[in-house]
1. Give a residue-ordered list of calculated ³J(HN,Hα) values for region 69-78 (Karplus: 6.51 cos²θ - 1.76 cosθ + 1.60, θ = phi - 60°; whole Hz; x for Gly, Pro).
2. Mind ordering 133-142, 38-47, 4-13 by average Cβ neighbours within 10 Å, highest first?
3. Once you order the gyration tensor axes a ≥ b ≥ c over the Cα atoms, which shape class does region 129-175 get: rounded for a/c under 1.5, otherwise prolate or oblate by comparing a/b with b/c?
4. Can you list residues whose amide H is under 5 Å from K152's amide H, if they're 5+ apart or on another chain and H is modeled 1.01 Å from N?
5. Mind giving me the FRET efficiency for I41 and M14? R0 is 30 Å, r the Cβ-Cβ distance, nearest 0.05 is fine.
Amino acid sequence: MNEYEKNKLKEERMRNSKLAHYKNKKLLKILGFVFLIIGIILALIGLISFGISFNNMSMPNFFTFFLLFPGFILIGIGTTLLRFGYMKEVGGYIKNESIPIINEASEEIKPAIKNIKEVIVKEEDKIYCPYCNNEIDKDSLYCPKCGKELFKECPSCHEKNDIDSIYCDKCGTKL
Ligand SMILES: [Zn+2]
Ligand SMILES: [Zn+2]
């Protein structure tokens, strides 16, 4: 047997097992429905006959219990079978439907996070006038409120240094 035939056989086997799996699921669903419906009918007949005997103040007959119990058991079996039959579909649905929603949500959250980040960064750039305590931009040279100089001019190279600098940024002269 050559490689090609081997692969083809493998593929065939996989397809068959998938088909068998699908058939099993279908059988589970059908059986589940049948059990559930028969169970509901039996339980209903049981409940109705129990209700009638209760209204008549007579003892519920054996037939009532004979129908109620297998009815509930069948309902239980039916729902279990259905749950197994639909499990894959439910799982697939959750996986396929929820991931795009999560992605979409994160896309919408991203700008908000960016804005928060910008606000924080901007906040760090803010300084206060040492004369009047007015909030000012870090790169402004004069306070917009009191008009005082917000830089230290270097006596050696005339570089405008930040107000809190001790040494000149450019030449290192003590200010
Ligand atoms: Zn000021
Ligand atoms: Zn200087």
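What follows draws every value from the coordinates through simple rules; no lab data is involved. Remember, it's a predicted structure, so these values are computed and weren't measured experimentally. Neighbour counts are summed over all protein chains in view; Cβ atoms, including those assigned to glycine, are modelled from backbone coordinates with ideal geometry.
1. In residue order, the calculated couplings are 5, x, x, 5, 4, 5, 4, x, 4, x Hz.
2. Values: 133-142: 12.5, 38-47: 16.6, 4-13: 10.0.
Packing order, densest peptide first, comes out as 38-47, 133-142, 4-13.
3. On the way: a/c = 2.61, a/b = 2.45, b/c = 1.07.
Since a/c reaches 1.5 and a/b is larger than b/c, the shape of region 129-175 is classed as prolate.
4. Residues meeting the criterion, in which the H sits 1.01 Å from N, are N161, D162, I163.
5. Numbers: r = 41 Å, r/R0 = 1.36.
The value I calculate is 0.15.
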